[in-house]
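Just so it is clear, none of the values below were taken in a lab; they were calculated from the coordinates. All figures in this text were calculated on a predicted structure; none of them were measured in a lab. Please note: Cβ atoms are built from the backbone with ideal geometry, for glycine as well, and neighbour counts cover all protein chains shown.
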Amino acid sequence: MEEFDLIVIGGGPGGYVCAIRAAQLGLKAACVESRGALGGTCLNVGCIPSKSLLNLSENYKKAKKDFNNQGIEISNVKLNIDKMMSNKNKSVQVLTKGIEFLFKKNKVTYIKGKGVLFSKQDVVVYNNNEKKNYKTKNIVIATGSYPTSIPGIDIDEKDIVSSTGALSLGSVPKSLTVIGGGYIGLEMGSVWSRLGSEVTVVEYLDHITPGMDREVSNEFQKILKKQGIKFKLNTKVTSVKKKSSQIEVECQDKISNEKHLINTEKVLVAVGRRPYTEGLNLSKIGVKKDNQGRIEVNNKLQTSIKNIYAIGDVIRGPMLAHKAEEEGIAVAEILAGQAGHVNYDIIPGVIYTSPEVATVGKTEEQLKTQNVSYKVGKFPFLANSRAKVNNETEGFVKILADKNTDKVLGVHIIGPHCGDMIAEMALAMEFGASSEDIARTCHAHPTHTEAIKEAALAVDKRPIHF
Ligand code: NAI
């Protein structure tokens, strides 16, 4: 029987990165994956294909609506959805194959099949009709998550879809009702709205993107509304029924309790994701879960069984690929005797709409709840020269700094390219920067990043261009 120092179950961004780092540190590592391709949800049916469609649909929208006003006259802009989808599929394929190459390069054993814990040191892998046993000193559970639905709504991935189906629609639906105004709903809603669908987002709360700084969230909704997306807030979806030619979505206004119907061609259910822990034999082995079905871990990412670790969407914290990666690396380093750690206070979040939304650290609402005295510095992209020449003036940068020490506590941006810009803020915060440190850092002109410097100057009420 083959024996390993570490078997990682799940080949998503958490699992595959963990296996590579462990191998780099001299451990004999294997990664078990049942999907038939590495990269997990993120690469196969999540972050990567959605970013491909977000980019392509944005290009289409620009060519159709914006270029003519900018002196680039093109007529007959036509959408070829099949080509767009195959372009997306090709990007996914290249990247998943890339991970197989990285496994070979780093001498990680790739085991295809479904991994099940037989004991705390034995993993059984089922692949078609074959069953193989492996011995291991340590196990990392990195099995990710799957979309949840609402009771009584069956996702068929054809007419009533999750993010997976929304990434592969064969034609542009006349109308799309999105249940849930979170990351997935707004990204996929944007894609299909740009391609010509009439999109309505139904959200249970009185605002979209729960947990985000409210000022940014409100601005975000305003911008999306201007782009043509309709919103029904404070509204609960109570049933979704397939009729002969349409789907009937029954909604209930949370305030008036009144019910109304939306008739729509397709429905996207985007109401969150659930940890995927089924079929691993966890309870028999004694791996404990919390009351939300997540695997319990300590600050070393160890489960209730010492040599079994868990990372990514199956444990607490934001369900984000980069958070899972950090945890994967931390576990590999801990197993190699190093001090692996994850700074959960500085995990950026990005929504890849147009404009993008990016945040890191505490929101204004969190600081208020925690009774922290803070200063705010804001700068609009309208006053940023690069954004202005590119006709991308929507949004702003908002920096929150401690009132007494000036230490940056949170940065929230809505605006062009802020998904990339937020890295500078995460780095600054990792180094414990003050807003003065950022204000005194030379930023190239003309770049969008100058809006960050100006927002930092605005914390001290001395912006130059606003
Ligand atoms: P989410 O948790 O971000 O948003 C779900 C929304 O659905 C919430 O606003 C909630 O209030 C609403 N909701 C729940 N039940 C409802 C009902 N019955 N009627 C109407 N509204 C209802 O979940 P989402 O968008 O499905 O994303 C899942 C996970 O994937 C998230 O953790 C997200 O962070 C991650 N993700 C991250 C992306 C990124 O980093 N760009 C992109 C896509 C997903």
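Below are the figures for this structure:
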read-out	value
Integer Hz, Karplus 6.51/-1.76/1.60 couplings in order for region 30-41, x for Gly and Pro	10, 10, 9, 9, 9, 5, x, 8, 7, x, x, 4
Cys residues of the chain counted as unpaired, since no other Cys beta-carbon is under 4.7 Å	Cys18, Cys31, Cys251, Cys418, Cys442
Rg/Rh ratio calculated on Cα atoms of region 212-359 (Kirkwood radius)	1.09
Percentage, to the nearest whole number, of Cα pairs in region 79-224 over 17 Å apart	74 percent
Per residue Cα convex hull volume in Å³ - calculated over region 310-383	142 Å³
Equivalent-ellipsoid semi-axes of the chain, from the Cα gyration tensor, Å, largest first	37, 30, 22
Label-to-label distance, nm, for residues given as Gln292 and Ser75 (7 Å Cα→Cβ offset)	5.6 nm
Equivalent ellipsoid semi-axes - Cα gyration tensor, region 160-271, angstrom	21, 18, 11
Space enclosed by the convex hull of the alpha-carbon atoms of region 349-459, per residue, Å³	85 Å³
Stretch gain in nm, segment Asp253-Ser239, where the contour uses 0.36 nm per residue and the Cα spacing is subtracted	3.7 nm
Principal semi-axes in Å for region 38-149 [√(5λ), Cα gyration tensor, largest first]	43, 14, 12
Loop sites in region 152-260: trypsin sites (Lys or Arg not before Pro), DSSP, at most 10 other Cβ within 10 Å	Lys243
Rg followed by Dmax, in Å, when region 193-257 is reduced to its Cα trace	13.6, 42
Segments 350-359, 449-458 sorted - mean Cβ within 10 Å per residue, highest first	449-458, 350-359
Relative contact order for region 160-271, counting Cα pairs under 8 Å that sit 6 or more residues apart, in percent	34 percent
Difference of contour (0.36 nm per residue) and Cα-Cα distance, Leu382 to Phe67	111.4 nm
Relative contact order of the chain, defined on C-alpha pairs under 8 angstrom at six or more residues apart (%)	14 percent
Where labels lie 7 Å past Cα in the beta-carbon direction, separation of Glu3 and Glu100 in nm	3.1 nm
C-alpha center-to-center spacing [region 170-206, region 214-241] in angstrom	9 Å
Region 95-121 residues near the modelled Ile305 label - backbone nitrogen below 14 Å, point 7 Å along Cα→Cβ	115-121
Pairwise centroid distance, computed over Cα atoms, of region 450-466 with region 367-433, Å	10 Å
Rule-of-thumb Rg ratio for region 205-298 [Cα; 2.2 N^0.38 Å; N residues]	1.52
